[in-house]
Amino acid sequence: MANAQAAAMKKKRKLFSIANGFDMPFLIILMLILVIGLVCMYSASYAYAFYWYDGDSYYFIKRQLAFAVLGVVAMLMISTIDYHVLHKFSWVLWIVSLALLVVAYIMPSSTGIHRWIRIPGIGQFQPSEVAKFALIVLYAHLVSLNHKKMKTFTKGYLPFMAILGITCGLVFIEPHLSGTMLLLGIGLILMYVGGTRLVYLLGTIGIGGAAAGYMIFGMGYEKDRIDVWLKPLEMFTKDKDMAWQTVQSLYAIGSGGLMGQGLGNSRQKHLFLPEPQNDFIFSIVCEELGFIGAVLIIILFGLLVWRGFVIGMKAPDKFGSMLAIGLTGQIGLQVAFNVAVVTNTIPNTGISLPFFSYGGTSLVMLLAQMGVVLSVSRSIQTEKA
């Protein structure tokens, strides 16, 4: 009887622990999100692609699928590398990310927005994606070295805020408000998890909130965007172009109802909602899959973040713990911001939905970062939490 129970427990650990070095629950949830994201991206994009790309309905999905394959290969390869190697390159990676942000800023732009670097033959990518990863790695490195001094102002607060301020400043002037918000969120969460005193963080949030309030209501920063957020229908009657995307997104979500119109049956993607395959893809998901489908997708993202946190809490060292929590926490924050934007809960800041929105380099970067989380999971025996 005892032998049978031991065998059953061993079998249970195999199912919910690392198989071939991987944390299987994390990998299964991730691949499920990726597949659903590709299907939804194709459904959201084919009408737009047919109209703008000479009848090629597969224009976006062909490229996204190729990048997905590349990203999965990169993820599996990175997962076999000891994550501790990032210790050696933490400062270099951060400096390189700053250099890329500067290059993006000085590159000519007809719109006045300097978020991308164009690579001939490959396309364009956002240096802010590299900056997010570099910030997480550097914070993990510093916390692991100074975890016993994280309660102090000079070791646990000041250097972290200096790094965060420089990074956010370069992203803010692109201008890239959503990227700045995401970096701030990641930085403050990692500082809290790392051991920085809560009073320091609350003070920072208070000062930052006051400064943002003054810029918005005192100096009129992004006044039009704030007006669209507060009164979208009124602004739509005054200037359709200004509020068009927000209003069409709300129409899409509202028409989805409880069960949705059915996969592929969205009306708003037929040139009503601009570029539905990008930042506002979640509104098409709501229209086609309804409230229930949208909630299930959010639950999947929640499970991914939860499993990443489990890996982080069971990691053998502080560096691995901070990496796993930071990289999966970043996805959770980005999903929360994206859903808030498309539902007009916060102003439209232009932020993508991980694994769903079109963008090859972003998808490859995300999957590569998940490879780092899998690398952390290789060093532990993660049981079902």
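Readers should treat all values here as calculations from the given coordinates under stated rules, not as data from a laboratory. Quick caveat: nothing in here was measured; it's all calculated off a predicted structure. In this analysis, Cβ positions are derived from the backbone assuming ideal geometry, glycine residues included, and neighbour counts consider all displayed protein chains.
Data overview
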| item | result |
| --- | --- |
| Under 13 Å, Cβ to Cβ, from Phe272 - net charge with Lys/Arg +1 and Asp/Glu -1 | +1 |
| Unit charges at the beta carbon, dipole of the chain: most positive-side option, Gln124, Leu100, Ser321 | Ser321 |
| Axial C-alpha extent at least 15 Å, average Kyte-Doolittle at least -0.5 - helices from the chain (DSSP) | 24-52, 59-79, 86-106, 127-146, 158-172, 177-194, 198-213, 240-256, 281-314, 318-342, 360-378 |
| Estimated [θ] at 222 nm from DSSP helical runs (n ≥ 4, -39500 (n - 2.57)) normalised by residues in the chain, nearest 500 | -23500 deg cm²/dmol |
| Highest-MSF residue in the chain out of Gln245, Gln277, Gln330 [GNM, Cα springs under 10 Å] | Gln245 |
| Above-threshold pairs, the threshold being 18 Å between Cα atoms, out of Lys149/Lys314; Lys155/Lys318; Lys238/Lys269 | Lys149/Lys314; Lys238/Lys269 |
| Net +/- balance of residues flanking Ala104 in space, Cβ distance below 9 Å, scoring K and R +1, D and E -1 | 0 |
| Candidates Phe22, Phe153, Phe272: whichever shows maximal mean-square fluctuation once the chain is modelled as a Gaussian network with Cα springs under 10 Å | Phe153 |
| The stretch 97-221 - charge dipole about Cα centre, Lys and Arg +1 at Cβ, Asp and Glu -1, debye rounded to 20 | 440 debye |
| Gained length - Lys231 relative to Asp82, 0.36 nm times residue gap less alpha-carbon distance | 48.5 nm |
| Distance between modelled label sites at Lys149 and Asp239, nm, 7 Å Cα→Cβ extension | 5.1 nm |
| Total charge dipole magnitude, the chain, about the Cα centre, Cβ charges on Lys, Arg, Asp, Glu only, Debye to nearest 20 | 1540 debye |
